[in-house]
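The values are calculated or read from the model by the stated rules, or taken from the named source; none is laboratory data. No experiment lies behind these values; they were computed from the predicted model shown. Cβ coordinates were reconstructed from backbone atoms using ideal geometry, including for glycine residues, and neighbour counts include every protein chain displayed.
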Amino acid sequence: MESPLARLGRALHERSARFVLIGVGGANFYALGGSTVFMTEDRDLFLPLDPDNLVRCWSACEATGLDLWSGHEPLDSPRDRWLAEGVVERQALTRATGEDLQVDLTLVMKGFDFETVWNERSVFTLDGVDVPIARLQHIVQSKHAAGRDKDRLFLATYREVLEQLLRREDRT
C-alpha cells in the first residue's frame, strides 16, 4: 500500500511541480534505521517562488484528498494564479491536511533559496516514488539559523545522531 507522502509525491510529479522535502521529515530519510528516526507531526515541502508551481502543488494536494488552509481558514477559491501570486508575494504558508498526512507548503527555508536547495538535493525512493530531499547539512543549518525553541531542542536532543549522519553524508 502506497504511503500518503508517496501518493502526494506522485501527484506532484504528475503535475511537474517542483518541491523539496525539508525539516525533520526530510532528515528522516537520512536515518540509519528505526533507532534514528525523528518524530514529527507534519512534513514540510519547500517550493520555489513561482505562482504557477504553487497552483500545481495545490492541485496535487486536492487530488490526493488533502484540504488546503491558510492560517486558521480554508484557502480561498478559486485556487488560481491570481491567488497564488498573492501567496507568493507574502511568502505565506499553505497547510494541506488529511486523515493521514499533514503537509506545510512553504516558500521559505531560513538561510537558503530554493534553487540552491534544489540543485544540491538528494532523491530517495518511497514506495516507488522519487522524493527530492534537501541535503541533511542544509536542513541542520536552516534549523540553526531559524533559532526557534523547537529547532534548538531538536538539534540538542539529536546532536550526536545528527553529527554521525552528517559525517556519513559528507562521505557520499
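The set of residues in the range 69-100 being in contact with a strand residue (DSSP E or B) (Cβ under 7 Å, 6 or more places away or on another chain) and closer than 29 Å to His144 by Cα consists of Trp69, Ser70, Val87, Ala92, Leu93, Thr94, Arg95, Ala96, Thr97.
If you check Trp118, Trp82 for being closer than 23 Å to Val24 by Cβ and among the aromatic types (Phe, Trp, Tyr), only one passes: Trp118.
Taking the range 158-172 as the range and being assigned to a helix (DSSP H, G or I) and in contact (Cβ under 8 Å) with a residue 60 or more places away in the chain as the test, the residues that pass are Val161, Leu162, Gln164, Leu165, Arg168, Glu169. Residues of the range 1-24 that are assigned to a helix (DSSP H, G or I) and either over 12 Å from the mean Cα position of the chain (by Cα) or modelled with pLDDT of 95 or more (or both): Pro4, Leu5, Ala6, Arg7, Leu8, Gly9, Arg10, Ala11, Leu12, His13, Glu14.
Contact map, the range 137-157: first residue touching a residue at least 24 places away in the same chain (Cβ under 8 Å) and part of a helix (DSSP H, G or I), second residue basic (Lys, Arg) and crowded, with 20+ Cβ neighbours inside 10 Å, Cβ cut-off under 8 Å, separation 6 or more or different chains; pairs are Phe154/Lys143.
Looking only at the range 49-58, decide whether some residue is of a type in the set (A, V, I, L, M) and surrounded by fewer than 16 Cβ atoms within 10 Å (Cβ to Cβ). Show your work before the answer.
First, the residues of the range 49-58 that are of a type in the set (A, V, I, L, M): 49, 54-55.
The next check asks that each one be surrounded by fewer than 16 Cβ atoms within 10 Å (Cβ to Cβ); those that pass are 49.
Checked the range 49-58: at least one residue is of a type in the set (A, V, I, L, M) and surrounded by fewer than 16 Cβ atoms within 10 Å (Cβ to Cβ).
Condition first: of a type in the set (D, E, K, R) and under 27 Å from Val88 (Cβ atoms). Now tell me which residues in the range 98-157 satisfy that. So that I can check it myself, show each step before the final result.
Start the filter on the range 98-157 by keeping residues that are of a type in the set (D, E, K, R), which leaves 99-100, 104, 110, 113, 115, 120-121, 127, 130, 135, 143, 148-152.
Once the filter is applied, which keeps residues that are of a type in the set (D, E, K, R) and under 27 Å from Val88 (Cβ atoms), the range 98-157 yields Asp104, Lys110, Asp113, Glu115, Glu120, Arg121, Asp130, Arg135, Lys143, Arg148, Lys150, Asp151.
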